[in-house]
Amino acid sequence: MRPVVMCQHQWYCYSEVTPVALVGVTPKAFLLLNPPWSTNFKNDRVTLTCRDSLSPAQGDISWYHDDHLLDNKSEEIQIHKTGYYKCKTRRSSPSDPVHMDFLSDRLIIQAPHPVFEGDDVVLRCQGKEATIETVLYKNKKEIRKSYIPNFTLNSVSRDNGKYHCTASRNSFWGIKRDISKPLTIQVQELFPPPVLTARPSQPIEGRPVTLKCETWLPPQRSYIQLQFCFFREEQALGSGWSSSPELNLPTMWSEDSGSYWCQAETVTHHVRKRSLRSQIHVQRVPVSDVNLEIRPPEGQLIEGENLLLICSVAKGTGTVTFSWHREGTVRSLGTKTQRSLSAELQILTVKEHDAGRYYCAADNIHGPILSKLIKVTLRIPVSHPVFTFHPAGAQAMVGDVLELRCEAQRGSPPILYWFYHKNVTLGSISDPFGGGASFNLTLMAEHSGNFSCGADNGLGVQRSEMVTLSVTGPSSNKITLITKGVTAGLLSILGLAATAALVCYFRTQRNSGGLSTTGTPSYSSKEFKEPSRTSHTDPQEPTYSEPPDPMEQQPVYSNVDLGESNLVYSQICSIQDTKENSANSPKKHWEDKEPAVIYSELKKAHLDDSAGLAINQDRDLEDAAENYENVPCALSAIDH
């Protein structure tokens with residue numbers, strides 16, 4: 001249990017209970033003299049009082065004369081013999097011995113007791129008879145003359161030499177000169193050399209430490225004011241001298257390890273003492289749990305943006321060196337040394353080659369600790385795509401199948417390609433892996449004009465330059481019939497039906513898959529709108545709608561030979577009559593019909609049925625009508 005400290009004058013104080021317990025020593029008793037002189041004439045009597053920390057001694061007192069125990073237990077004793085005296089109480093260690101002289105000389109020099117370092121001392125040159133002049137000597141050298149017997153010495157030290165005095169007096173035979181015996185002033189220590197302590201004794205880096213400069217004043221000099229100063233090596237700490245015996249260092253680092261010591265002195269600067277040096281080693285906590293974080297988060301970095309790499313540690317003290325690395329490279333991307341648990345590195349305007357796996361390292365002298373690998377991916381915006389034809393050339397014929405090609409040289413897949421004719425969307429194709437996309441188009445005269453394409457991977461649409469195509473061939477008001485897989489029997493039926501044309505329309509069944517058997521890209525039913533029944537627009541001009549969802553598989557409209565089946569799908573392109581024929585047409589006009597491209601389901605004629613078809617054409621027409629299952633048809637007479 002630490003002693004209660006009694007303070008006076010708001011300066012350093014002594015412990016009322018155990019003034020020397022701070023350094024592990026039992027407090028001493030001390031002697032008071034009355035009269036206060038340690039040297040006296042023979043037959044003089046001096047009273048000694050034993051005290052314990054400024055309080056009256058309690059219980060039995062032990063007295064010693066030249067280390068012999070006296071038979072006296074009282075607080076005070078009266079002495080008249082020369083020798084060393086000391087005392088002891090129950091709660092103290094023995095006092096410092098006091099040498100008492102009782103001399104039969106005619107002249108003595110007297111010093112008071114007690115005397116402490118830094119005290120001003122009055123020496124008295126005392127004779128049995130009156131003197132007329134006295135002279136004071138120190139170490140046999142005259143230092144002062146006086147007509148009075150008293151001499152004042154300022155701020156005495158413990159090693160101050162020997163003093164004696166001479167005195168002149170009148171006698172029957174004239175002036176006589178007497179000499180005293182030498183006197184050594186018994187100067188006691190004002191306070192012991194301080195002891196420096198650190199709390200905690202083994203500080204951890206980054207945490208505070210309290211230094212304490214511990215000493216004490218004797219009870220007889222408790223009013224003395226002390227001040228303190230702390231040092232690391234030879235450099236003063238804090239603000240220098242202070243009245244507080246403690247110094248708080250808010251943060252200690254490993255480089256603060258070293259030799260520490262302190263000084264204590266009186267405010268008058270008469271007494272100054274320093275402690276022994278104490279080695280303080282500041283312990284460092286190694287780094288642990290190194291982590292790398294990237295911003296923007298993984299998968300959201302776009303080429304041209306800035307990449308921020310944040311390296312952090314969960315634990316670690318002192319100066320930490322952070323470094324950043326990309327897998328596969330020898331040199332680090334950068335290093336930072338600072339007193340913190342995290343650091344940042346910014347990579348400006350990242351390029352495609354900056355993609356890869358990254359990690360960081362942290363080291364605070366105990367060796368580098370690595371983080372886990374973090375993958376950094378970049379999304380690259382598409383470049384302006386290149387639009388081409390195949391076969392190449394600025395001119396093409398009606399009926400040609402033209403391959404439209406669109407390709408972006410750069411860009412993160414998947415890429416969605418759009419094809420445009422006169423800024424109207426023809427369709428779209430998704431490219432999941434890169435490499436471009438193609439679109440097949442059967443040309444009509446209306447397809448003359450500007451073609452272009454666009455590319456988009458979610459980071460912005462890029463358009464190609466426009467390419468102009470001129471389509472030549474028969475006019476759109478000529479009748480062109482394109483068939484595939486039509487048997488000879490079907491051709492015979494069409495030849496015999498010179499007086500009537502079978503105009504049919506229906507919505508064909510949808511085949512799954514993106515391309516037809518001819519390699520033509522798929523179209524949805526939305527790509528070709530049905531004109532309104534009241535519309536008077538040219539039914540041969542296609543109307544384009546919004547592009548379909550690129551991921552949706554498109555239906556296929558194609559000429560399909562079913563092989564062994566008796567069904568044939570045929571594509572029929574109908575073209576309006578000339579003006580001469582239209583004048584003789586019946587009342588029902590073509591404006592009521594559906595799209596210009598008509599698909600019909602026909603029954604396939606077997607070889608053994610050809611004779612029957614030639615004999616009875618009317619019955620064949622009825623059979624043909626039966627084969628158009630679920631297909632609404634309309635007959636329109638055509639004059640020849």
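The values are calculated or read from the model by the stated rules, or taken from the named source; none is laboratory data. As the structure is a prediction and not an experimental result, all values here were calculated from the model. For neighbour counting, all protein chains shown are included, and Cβ atoms are generated from backbone atoms with ideal geometry for every residue, glycine included. Just the protein is used for accessible areas: all its heavy atoms, side chains included, with ligands, DNA and RNA removed. Shrake-Rupley method; radii C 1.70, N 1.55, O 1.52, S 1.80 Å.
Give me the one-decimal nm value for the distance between modelled label points at residue 236 and residue 204, 7 Å along each residue's Cα-to-Cβ direction.
Here the modelled spin labels are 3.4 nm apart.
Please go through region 292-340 and write out the trypsin sites (Lys or Arg not before Pro) that DSSP classes as loop and that have at most 13 other C-beta atoms within 10 Å. Please list the in-between numbers first.
On the way: sites: 315, 326, 331, 336, 339; in loops: 331, 339.
Hits after loop and neighbour filter: 331, 339.
Could you state the number of Å between the C-alpha centres of region 325-339 and region 133-190?
The distance from the Cα centre of region 133-190 to that of region 325-339 comes to 81 Å.
Using only C-alpha positions, report the orientation-averaged shadow area of the convex hull of region 403-445, nm², one decimal.
On the way: hull surface 13.2 nm².
So the Cα hull casts an average projection of 3.3 nm².
About the Cα centre, and with charges only on the beta carbon of Lys, Arg (+1) and Asp, Glu (-1), how big is the dipole of region 163-299? Nearest 20 debye, please. Mind showing how you got there, number by number?
Numbers: 15 positive and 13 negative charges, 257 e Å.
Dipole size: approximately 1240 debye.
What are the ³J(HN,Hα) values, in whole Hz, obtained from phi via the Karplus relation 6.51 cos²θ - 1.76 cosθ + 1.60 with θ = phi - 60°, for each residue of region 406-416 in sequence order, with x given for Gly and Pro?
10, 8, 9, 5, 10, x, 6, x, x, 10, 9
Out of residues 5 or more away from residue 434 or on other chains, whose amide H comes under 5 Å of its own, with H placed 1.01 Å from N in the peptide plane?
Answer set, sorted by chain and number: 415.
In Å and whole numbers, how far do the C-alpha atoms of region 108-197 stretch along each principal axis, longest first?
Projected onto the principal axes, the Cα atoms of region 108-197 cover 68, 21, 18 Å.
Mind ordering 235-242, 85-92, 117-124 by average Cβ neighbours within 10 Å, highest first?
Details: 235-242: 11.9, 85-92: 20.5, 117-124: 17.8.
Averaged packing, sorted descending, gives the order 85-92, 117-124, 235-242.
As a test question: what accessible area, to the nearest 10 Å², does residue 66 have when a 1.4 Å probe is rolled over all protein chains in place?
Around 70 Å² of this residue is reachable by solvent.
Any idea what diffusion coefficient region 333-402 gets from Stokes-Einstein, in µm²/s, Kirkwood Rh on alpha carbon pairs, 4 °C, 1.567 mPa s?
Numbers: Rh = 17.7 Å.
My calculation gives 73 µm²/s for D.
Just the accessible area per residue of region 305-358, please: how many Å² with a 1.4 Å probe?
Values: 2930 Å² over 54 residues.
Accessible area per residue: 54 Å².
Per 5 Å bin, what is the whole-percent P(r) computed from every C-alpha pair distance within region 52-208?
It works out to 2, 7, 13, 14, 13, 12, 11, 9, 7, 4, 3, 2, 1, 1, 0, 0, 0, 0, in whole percents.
From the cross-link list 28/128; 86/138; 28/73; 81/128; 88/140, which pairs have alpha carbons spaced over 26 Å apart?
Values: 28/128 37 Å; 86/138 28 Å; 28/73 17 Å; 81/128 19 Å; 88/140 37 Å.
Check vs 26 Å cut-off fails for 28/128; 86/138; 88/140.
What are the chymotrypsin sites (Phe, Trp or Tyr not before Pro) within region 192-238 that DSSP puts in a loop, where the Cβ has at most 15 other Cβ atoms within 10 Å?
Numbers: sites: 216, 223, 228, 230, 231; in loops: 216, 223.
Those that pass, being in a loop and sparsely packed, are 223.
If R₀ is 25 angstrom, what is the calculated FRET efficiency for the pair residue 285 and residue 329, using the beta carbon separation as r and rounding to 0.05? Spell out each step's value before the answer.
Numbers: r = 31 Å, r/R0 = 1.23.
For R0 = 25 Å, the calculated efficiency reads 0.25.
Which shape class, rounded, prolate or oblate, goes with region 116-168 when its Cα gyration tensor gives a ≥ b ≥ c as root eigenvalues, a/c under 1.5 marks rounded, and past that a/b bigger than b/c marks prolate? List each step's numbers first, then the result.
On the way: a/c = 2.46, a/b = 1.80, b/c = 1.36.
Since a/c reaches 1.5 and a/b is larger than b/c, the shape of region 116-168 is classed as prolate.
Each residue of region 349-354 in order: what ³J(HN,Hα) in whole Hz does its phi give by Karplus 6.51 cos²θ - 1.76 cosθ + 1.60, θ = phi - 60°, with x for Gly and Pro?
6, 5, 10, 4, 6, 7
For region 179-245, list log₁₀ I(q)/I(0) at each q in 0.15, 0.21, 0.24 Å⁻¹, using the Debye formula over Cα point scatterers of equal strength and ignoring solvent, two decimals each.
Log-scaled intensity ratios, in q order: -0.66, -1.01, -1.16.
Using a probe radius of 1.4 Å on heavy atoms only, what accessible surface per residue do you get for region 68-109? Whole Å² is fine.
Values: 2360 Å² over 42 residues.
I get 56 Å² per residue for this part.
What list of ³J(HN,Hα) couplings, whole Hz, do you get for region 129-146 from phi and the Karplus terms 6.51, -1.76, 1.60, once you set θ to phi - 60° and write x for glycine and proline?
Result, rounded to whole Hz: 10, 5, 10, 10, 7, 10, 10, 9, 10, 10, 6, 6, 10, 5, 10, 6, 10, 7.
Can you give me the long-range amide H partners of residue 162? Hydrogens built in the peptide plane at 1.01 Å from N, cutoff under 5 Å, separation of 5 or more residues or another chain.
139
Give the distance, in whole Å, between the Cα centre of region 275-305 and the Cα centre of region 412-428.
When both Cα centres are located, 50 Å separates them.
Using a cut-off of 10 Å between beta-carbons, work out the net charge of the residues near residue 133 (Lys and Arg +1, Asp and Glu -1, residue 133 not included).
Values: positive: 145, 169, 177; negative: none.
Neighbourhood net charge equals +3.
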